[in-house]
Every structure is written in C-alpha cells, then in structure tokens.
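The values are calculated or read from the model by the stated rules, or taken from the named source; none is laboratory data. Everything numeric here is computed off the predicted structure, so don't read it as measured data. For neighbour counting, all protein chains shown are included, and Cβ atoms are generated from backbone atoms with ideal geometry for every residue, glycine included.
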Amino acid sequence: MKRVVGNIVVVVVLAAVAVAVAGASTRSSRAPELSLRWSAPTPADGATYAVATGDHLALRLAAAPGTQIQARGLPRGGALVSTPTGVVLNWTPTAAAVGPHPVVITARKPSTNSYAAPRTLFLYGVRPTVLEGTPAAAQTTLLGEPGVSRWAYVVRSAAARSAPKGWARVVTRLSPDTLDATPNLVLLLESKTDAIGRTWYHVRLPIRPNNSTGWVLGGALSATHIVKTYLVVDRKLLVATLYRGARPIFRTRVGVGHSYWPTPRGDFYVREVLTGFHDPMYGPVAFGTSARSGVLTDWNGGGGVIGIHGTDRPQILPGYVSHGCIRMPNGAVLRLHRLMGLGTPVAIR
C-alpha cells in the first residue's frame with residue numbers, strides 16, 4: 001500500500017511488518033556486520049585529493065590480513081590494482097572526469113558477512129590553469145571544489161539544454177516550484193560564458209534518467225549559495241555518513257530499497273526539506289532529493305522522488321526494507337536536520 005507525502009515516495013510496506021515481528025534477532029543475517037578494521041597506510045575517512053587532468057594519484061589501501069578490498073564510485077581513469085605489497089587505488093583523471101568523485105572503499109573477509117566500516121575518499125579532477133589571454137568563451141569554470149559546493153534557486157521557468165547554446169536540445173524545463181510547492185533549486189557544477197557574453201550554468205537535474213545534467217542561462221537562477229556538507233550513502237553496508245569538508249561529522253545505519261525496489265545509485269542533491277508530518281511511519285523530517293525511483297513511476301504524476309526520512313519501526317534497521325527511500329532512526333534524522341542544509345550533494349554508492 002502506498003501513501004504520498006507531498007511528492008516524496010511514502011510506502012507502507014506490509015512485508016516490513018512481518019520483518020519487525022520477527023524482531024531484531026534477524027537483523028544480523030540481513031545486514032553486513034562492521035567488525036573489521038582498516039590498517040595503515042589506508043587514508044583517513046573523508047581524505048580529499050585534487051588532481052589535475054593528466055596527473056597520477058596512487059593510494060595504498062590495507063585492512064586485516066586476508067580481506068578483499070573494493071571501491072565503488074571510481075571515476076573514469078581509476079582502477080584498483082593488486083600488487084605484491086597490497087592494493088593500490090590508481091587514478092589519472094581525464095577531461096571527462098573533472099569535478100568531485102566520492103569513492104567508497106570497503107574491505108570484507110571472504111565467505112563472511114564481516115566488513116570494515118566504509119571510508120569515503122573524495123577525488124576531485126581539476127583542469128590545468130587557464131593561460132592568460134584565453135578568450136572567456138573558451139573557458140569553463142568548475143564550481144565545486146574540495147569541501148565546497150554551490151547551488152541556486154530557479155527564479156523563473158527555464159529550459160535546461162544539452163550544451164551552453166541557445167539552439168541546443170532541451171533536456172527538460174525547470175519550474176520555480178517543486179510539486180510539493182517548495183522553492184525549486186539546482187546543484188551547480190560549472191559555468192561558461194558564451195560568445196555574446198551570457199553566463200550558462202551546468203547543473204544537476206531532478207529528472208529521469210537519474211544523473212541527468214543540463215545547461216541553464218544564469219538569468220533564470222538566483223544568487224549562488226554555498227554548502228560545505230556532503231552526504232554519502234552506502235547501499236551495500238547500509239551506512240550514511242555526512243562530511244563537512246574532509247571530516248565525517250555524522251554516521252548512522254540505514255534502511256534502503258529492496259532489490260526489486262532499489263535505491264538508485266548515482267550523484268544527487270538535497271532539493272527540499274519537509275517537516276510537520278502526522279504519520280509516524282516517516283518520522284519527524286523528510287529530505288527530498290533529486291533522485292528518482294526507476295521502478296515506481298506510476299504514482300503522483302510519475303514523480304517517484306527518493307526521500308531520506310525517519311521511521312516508527314527502528315527495529316527493522318539496518319536492512320533492505322523500503323521502496324527506494326533511505327530510512328534512519330528518528331533521532332538520527334533529527335540530528336541530520338540540524339547538520340545538513342539544502343543543496344547538499346548526496347552520493348549513493
């Protein structure tokens with residue numbers, strides 16, 4: 001049975017009731033155990049690296065003897081390589097990999113359900129310094145930098161195009177309001193000035209297919225806002241971590257979508273914050289993200305917005321218990337509300 005709070009996916013999962021009755025004793029059989037430890041010289045959680053295109057980065061990773069190390073979210077040009085002295089994460093960013101890339105590394109004992117707590121490494125591909133005298137129309141300015149992201153409200157209806165050109169294909173049209181009647185906003189990736197002096201912004205779009213982007217004329221957007229937080233959700237280990245700069249400041253175990261109602265993977269952002277619910281199923285706060293369900297496409301105009309919210313059944317967490325939303329204990333979502341603002345990038349890995 002489904003309910004709708006605004007336009008965010010709100011689902012009463014009958015199967016979850018049965019899971020709750022079974023009790024927390026079944027939780028360990030469903031959820032990975034975070035009982036292993038990382039070893040030196042593995043970088044600290046939240047370590048950040050800015051690498052110019054064409055340069056090379058090599059990071060050594062190590063955990064308890066006999067563990068298998070994996071990386072999720074590796075950008076183009078990146079790879080994990082096993083060497084006689086351990087595992088090395090190699091990355092040589094190309095022009096297509098410019099921008100932020102949160103990479104989640106995990107370590108697991110083979111044939112067990114035991115893992116090390118996930119660590120996120122923030123890799124930033126940066127362009128070489130622009131030579132003096134380069135025409136403005138040939139320059140693209142990256143708007144995300146280590147520890148800082150930028151976003152803006154949509155202040156008037158506008159077309160998002162496939163390129164910073166007035167005749168480029170229209171990807172979608174943006175409205176100043178969301179379907180929940182909250183102010184619409186977009187995450188800014190980069191900017192470019194065209195041949196006649198207009199500023200275009202490359203933005204993330206809250207549409208299907210997930211991870212879509214487009215170019216919007218600056219006149220349709222508000223002044224730029226800065227946010228210094230970054231939320232990373234690990235679907236495999238069922239952990240959500242909020243970073244401020246290079247420092248993890250919040251972590252909780254979570255519930256994510258069933259395999260047949262999966263939480264989408266990709267790079268998104270916090271688009272709205274809804275409070276004042278009277279249904280305890282969703283806790284006191286719900287964050288609407290730019291992510292959309294790829295399965296639930298037939299309700300409320302096909303919105304399928306993936307939310308981050310609380311739950312009145314904390315005993316089912318952590319687990320694969322939702323129709324795609326990310327659930328966490330009510331106390332955790334209240335704390336997250338105090339720490340995480342609008343426009344925060346959300347990496348789901």
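Residue count for region 219-232 under the criterion of being surrounded by fewer than 24 Cβ atoms within 10 Å (Cβ to Cβ) and part of a strand (DSSP E or B): the result is 5. All conditions in (1) out of contact with any Phe, Trp or Tyr (no Cβ under 9 Å at 6 or more places or on another chain); (2) assigned to a loop (DSSP other than H, G, I, E, B); (3) surrounded by 21 or more Cβ atoms within 10 Å (Cβ to Cβ) hold for P206, with the sole exception of (1).
Between R119, R72, R108, R60, the distinction of being under 22 Å from K228 (Cα atoms), in contact with a strand residue (DSSP E or B) (Cβ under 8 Å, 6 or more places away or on another chain) and modelled with pLDDT of 95 or more belongs to R119 only. Of the listed requirements (1) farther than 30 Å from P118 by Cβ; (2) under 24 Å from the mean Cα position of the chain (by Cα), V239 misses just one: (1). Looking only at residues that are within 15 Å of the chain's Cα centre (by Cα) and not aliphatic (A, V, I, L, M) in region 328-349, which one is nearest to A223 (Cα to Cα)? The selected residue is G343. Evaluated against (1) surrounded by fewer than 18 Cβ atoms within 10 Å (Cβ to Cβ); (2) of a type in the set (V, I, T); (3) assigned to a strand (DSSP E or B); (4) not assigned by TED's automatic domain parsing to the domain that holds A220, T141 falls short on exactly one condition, (4).
There is at least one residue in region 173-190 that is without any contact (Cβ under 8 Å) to a residue 12 or more places away in the chain and either aromatic (F, W, Y) or touching a strand residue (DSSP E or B) at 6+ places or on another chain (Cβ under 8 Å) (or both).
Pairs linking a residue in region 140-151 that is on the phi > 0 side of the Ramachandran plot to a residue that is at pLDDT below 95 and not hydroxyl-bearing (S, T, Y), with Cβ atoms under 9 Å and 6 or more positions apart or on different chains, are G147/G245; G147/A246. Give region 259-318 a look and list any residue that's among the basic types (K, R) and surrounded by fewer than 22 Cβ atoms within 10 Å (Cβ to Cβ), or say none. Of everything in region 259-318, those that are among the basic types (K, R) and surrounded by fewer than 22 Cβ atoms within 10 Å (Cβ to Cβ) turn out to be R265, R313.
Of all the numbered requirements in (1) under 25 Å from M340 (Cβ atoms); (2) surrounded by fewer than 21 Cβ atoms within 10 Å (Cβ to Cβ), R76 misses one, and that requirement is (1). Within region 182-203, the set of residues being buried (at least 17 other Cβ atoms within 10 Å of the Cβ) and either in a loop (DSSP other than H, G, I, E, B) or among the aromatic types (F, W, Y) (or both) comprises N184, W200, Y201. Before we move on, is R173 of a type in the set (D, E, K, R), within 21 Å of P345 (Cα to Cα), in a strand (DSSP E or B) and not assigned by TED's automatic domain parsing to the domain that holds V305? No, not satisfied. Comparison of R235, R244 shows that the only residue that is at pLDDT 95 or above, of a type outside the set (A, V, I, L, M), crowded, with 19+ Cβ neighbours inside 10 Å and not assigned by TED's automatic domain parsing to the domain that holds S322 is R235.
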